[in-house]
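Input: a single structure, listed below in structure tokens.
Just so it is clear, none of the values below were taken in a lab; they were calculated from the coordinates. Treat the numbers as computed from the prediction; the structure is a model and nothing was measured. With ideal geometry, Cβ positions are generated from the backbone for all residues, glycine too; neighbour counts draw on all protein chains shown.
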Amino acid sequence: MIDRMKLATLRKIEDERFIISHPKSGELFEKAKESMPGGVPMSWMSKWPGAYPIFVEEAKVLDSLMWMAIHI
């Protein structure tokens, strides 16, 4: 059986870790709200879990695999 309390605890831990690990994305998300509804380019993205999306500084396609350099 699924332990909903454990899932909620793990989710809270991961949400807090995400916010600590990606503060610049949080800043960019707040700025994005000034020019995009919900701070995201597509409305369905606002339904994603988490406090805010990760902002990516650079992305390259190498050997048919997407490589993303997250610098922020």
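Some notes on this structure:
- FRET efficiency, 1/(1 + (r/R0)^6) with R0 35 Å, evaluated for residue 17 and residue 58 via beta carbons: 0.90
- Ranking of 47, 24 by count of other Cβ atoms within 10 Å, fewest first: 47, 24
- One equal scatterer on each Cα of the range 4-69, no solvent, Debye formula: the resulting log10 I(q)/I(0) at q = 0.12, 0.17, 0.18 Å⁻¹ is -0.42, -0.76, -0.83.
- Links that overshoot a 30 Å alpha carbon limit, given the list 6/60; 12/60; 31/60; 33/60: 6/60; 12/60
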